[in-house]
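S.K.: This is the structure I want to talk about, given as structure tokens.
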Amino acid sequence: SVSVDVIIDLETKDFQVEVMEPSISSLLLKKVGAEKGSATPHTVKVGNVDFGYVVELAKSKINNMNTTSLKAAVKTVLSVCRSVGVTVDGSDAKDLISKVDAGEFDSIMGV
């Protein structure tokens with residue numbers, strides 16, 4: 001899904017339409033073919049993505065995040081994975097966050 005902002009000047013009736021980029025969660029759900037996230041994301045999973053896709057998504061969204069650190073952006077994407085019920089390489093995303101902190105994925109991220 002895509003968000004749209006419509007800005008209306010009530011005095012002049014002028015308006016602007018701004019098409020926003022899809023959210024991380026909507027891109028993840030589209031990738032796994034799910035219409036919506038899991039109602040119980042910590043126990044019921046809706047799909048799986050590979051870590052490379054998480055890095056790709058983090059790189060494409062980093063400008064919209066409150067960070068310039070790729071590691072922080074990847075951890076944000078992993079957190080979204082966990083909240084919508086998407087596993088990463090078959091693992092719970094929570095388990096991968098500590099591995100990102102420990103530097104286990106630095107070579108994949110190019111950091």
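The values are calculated or read from the model by the stated rules, or taken from the named source; none is laboratory data. Bear in mind that the values here come from a model prediction, so they are computed numbers and not experimental data. All Cβ positions, glycine included, derive from the backbone under ideal geometry; neighbour counts span all protein chains shown. Heads up: the accessible areas ignore ligands, DNA and RNA and are worked out on the full protein's heavy atoms, side chains in. Shrake-Rupley method; radii C 1.70, N 1.55, O 1.52, S 1.80 Å.
S.K.: So how far, in whole Å, is the C-alpha centre of the stretch 70-111 from the one of the stretch 25-52?
M.R.: The stretch 70-111 and the stretch 25-52 have Cα centres spaced 14 Å from each other.
S.K.: Kindly list the residues of the stretch 17-48 that lie in the label zone of S3, defined by a backbone N under 18 Å from the point 7 Å along the Cα-to-C-beta vector.
M.R.: The answer is 17-30, 36-37, whose backbone nitrogens lie closer than 18 Å to the label point.
S.K.: Now a separate question. Carbon-plus-sulfur fraction of the accessible area of the stretch 1-95, 1.4 Å probe, in percent?
M.R.: Solvent-exposed carbon and sulfur of the stretch 1-95 make up 51 percent of the total.
S.K.: What pairs in K61/K99; K13/K61; K13/K59 have C-alpha atoms more than 31 Å from each other?
M.R.: K13/K61; K13/K59
S.K.: Same structure again: Report the antiparallel proportion of the DSSP beta bridges in the chain as a percent, rounded to a multiple of 5.
M.R.: 65 percent
S.K.: Still on this structure, please answer the following. Which of the following values of Kirkwood radius over Cα pairs in Å was calculated from the structure shown: (1) 15.2; (2) 16.3; (3) 13.9?
M.R.: Checked against the structure: label (1).
S.K.: Given a Förster distance of 30 angstrom, what is the FRET efficiency for S107 paired with S23, based on the Cβ-Cβ distance and rounded to 0.05?
M.R.: Efficiency, from the Cβ-Cβ distance: 0.60.
S.K.: Work through the residues other than K61 whose Cβ is under 15 Å from its Cβ and net out their charges, Lys, Arg +1 and Asp, Glu -1.
M.R.: Computed value for this residue: +3.
S.K.: Give the calculated FRET efficiency between E56 and E11 to the nearest 0.05, with a Förster radius of 30 Å applied to their Cβ-Cβ distance.
M.R.: The value I calculate is 0.10.
S.K.: Dipole of the chain, Cα-centred, from +1 at each Lys and Arg C-beta and -1 at each Asp and Glu C-beta, to the nearest 20 debye?
M.R.: Result for the chain is approximately 380 debye, rounded to the nearest 20.
S.K.: Another question, if that's okay. Sequence gap at least 6, Cα distance under 8 Å: using those rules, report the relative contact order of the chain to the nearest whole percent.
M.R.: Worked out over the chain, it gives 23 percent.
S.K.: Pull up all non-local amide H partners of V111: gap of 5 or more, or a different chain, and H-to-H distance under 5 Å with H placed in the peptide plane.
M.R.: Counting only residues 5 or more places away or on other chains, the set is empty.
S.K.: While we're on this one: Once you list every other residue whose beta carbon is under 13 Å from the beta carbon of S98, what net charge do they have if Lys and Arg are +1 and Asp and Glu are -1?
M.R.: Summing Lys and Arg as +1 and Asp and Glu as -1 gives +1.
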